[in-house]
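Student: Input: one structure, supplied below.
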Amino acid sequence: MVSEKSILIAAVLVFVGFVAVSVVFEDFGVTTDDERIRDGCLNGHGAAVTHDHVYLDIWIADENGDLQQIAPLENQGAGTTDGCMKFVHTHDARPYGEGASAQEVTAYLHVETPFQINISMKHWFEIWDEEFPQSYGDWDQVDDTHEIVATRNGEVIEDFWNEQLDGQSDIIRLEYRQK
């Protein structure tokens, strides 16, 4: 016959086991891909199943309508402050192209995941959100006078929020400008 003491000990062991698994695996219990991407941490580069690189260049029109480039981003989501290297992150600023034709861009995105999953531009903006320079205001609001034009390797992207971040040397350019 099972005693109450045995049941209590078993319940405590199950609880302790659940807590231990939750601490070791930070994304334990996360249910959607968006949550896995937003909250996930890569435990070093050796854990990556995917490893893509995409250049991102963001230009925003000022009050006069002149396009201004957002300065290069370094160590965004890379875990330098919180120990959590996000699935999409930057390390160092890296120009697009080589030699005299190289151009400075806003970000050299590292897309690394410990499992197969589709990561899109919206995920990068979710991860980068708290770092975004607020001085640019609500630049992502499109209205009768402003638009966002997005291209990938010069080809227009209709839905840039859902554009997949994959490949090794593609460049995505976003321009927020007057129509």
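The values are calculated or read from the model by the stated rules, or taken from the named source; none is laboratory data. Only a predicted model underlies this, so the values are computations on that prediction, with no experimental measurement involved. Cβ sites come from the backbone with ideal geometry, for glycine too, and all protein chains shown count toward neighbours.
Student: Quickly run through segment 47-59 and pick out the residues that are of a type in the set (A, V, I, L, M), over 19 Å from TYR96 (Cβ atoms) and surrounded by 14 or more Cβ atoms within 10 Å (Cβ to Cβ).
Tutor: ALA48
So that you can scan it fast, the table gives a plain yes or no per residue for (1) closer than 25 Å to GLY46 by Cα; (2) in a loop (DSSP other than H, G, I, E, B); (3) touching a strand residue (DSSP E or B) at 6+ places or on another chain (Cβ under 8 Å):
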{"residue": "GLN76", "(1), (2), (3)": "yes, yes, yes"}
{"residue": "HIS91", "(1), (2), (3)": "yes, yes, yes"}
{"residue": "GLU112", "(1), (2), (3)": "yes, no, yes"}
{"residue": "GLN116", "(1), (2), (3)": "yes, yes, yes"}
{"residue": "LYS122", "(1), (2), (3)": "no, no, no"}
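Let's see how each residue does on (1) at pLDDT 80 or above; (2) surrounded by 15 or more Cβ atoms within 10 Å (Cβ to Cβ):
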residue	(1), (2)
HIS45	no, no
GLY77	yes, yes
ASP82	yes, no
MET85	yes, yes
THR90	yes, yes
PRO95	yes, no
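Student: Of the residues THR106, THR113, only one is assigned by TED's automatic domain parsing to the domain that holds PHE160, touching an Asp or Glu at 6+ places or on another chain (Cβ under 6 Å) and surrounded by 16 or more Cβ atoms within 10 Å (Cβ to Cβ); which?
Tutor: THR106
Student: Just checking, how many residues over segment 40-67 are charged (D, E, K, R) and closer than 11 Å to VAL88 by Cα? Walk me through how you get there before you give the answer.
Tutor: Restricting attention to segment 40-67, the residues satisfying the condition of being charged (D, E, K, R) are 52, 57, 62-63, 66.
Now restrict to residues that are closer than 11 Å to VAL88 by Cα: 52.
Looking only at that region, the number is 1.
Student: Go through the residues of segment 60-72 one by one and say whether even a single one is part of a loop (DSSP other than H, G, I, E, B), buried (at least 18 other Cβ atoms within 10 Å of the Cβ) and assigned by TED's automatic domain parsing to the domain that holds LEU165.
Tutor: To start, the set of residues in segment 60-72 that are part of a loop (DSSP other than H, G, I, E, B) comprises 62-66, 70-72.
Among the residues that remain, those that are also buried (at least 18 other Cβ atoms within 10 Å of the Cβ) are: 70.
Still in the list and also assigned by TED's automatic domain parsing to the domain that holds LEU165: 70.
There is at least one residue in segment 60-72 that is part of a loop (DSSP other than H, G, I, E, B), buried (at least 18 other Cβ atoms within 10 Å of the Cβ) and assigned by TED's automatic domain parsing to the domain that holds LEU165.
Student: Still on this structure: Being modelled with pLDDT under 90 and surrounded by fewer than 11 Cβ atoms within 10 Å (Cβ to Cβ) is the filter; apply it to segment 132-158 and report the residue that is farthest from ASP57 (Cα to Cα).
Tutor: This residue is ASP144.
Matching residues to (1) within 20 Å of the chain's Cα centre (by Cα); (2) of a type in the set (Ser, Thr, Tyr); (3) outside the structural domain of ASN153 (by TED's automatic domain parsing):
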| position | (1), (2), (3) |
| --- | --- |
| ILE7 | no, no, yes |
| VAL49 | yes, no, no |
| THR81 | yes, yes, no |
| PRO95 | yes, no, no |
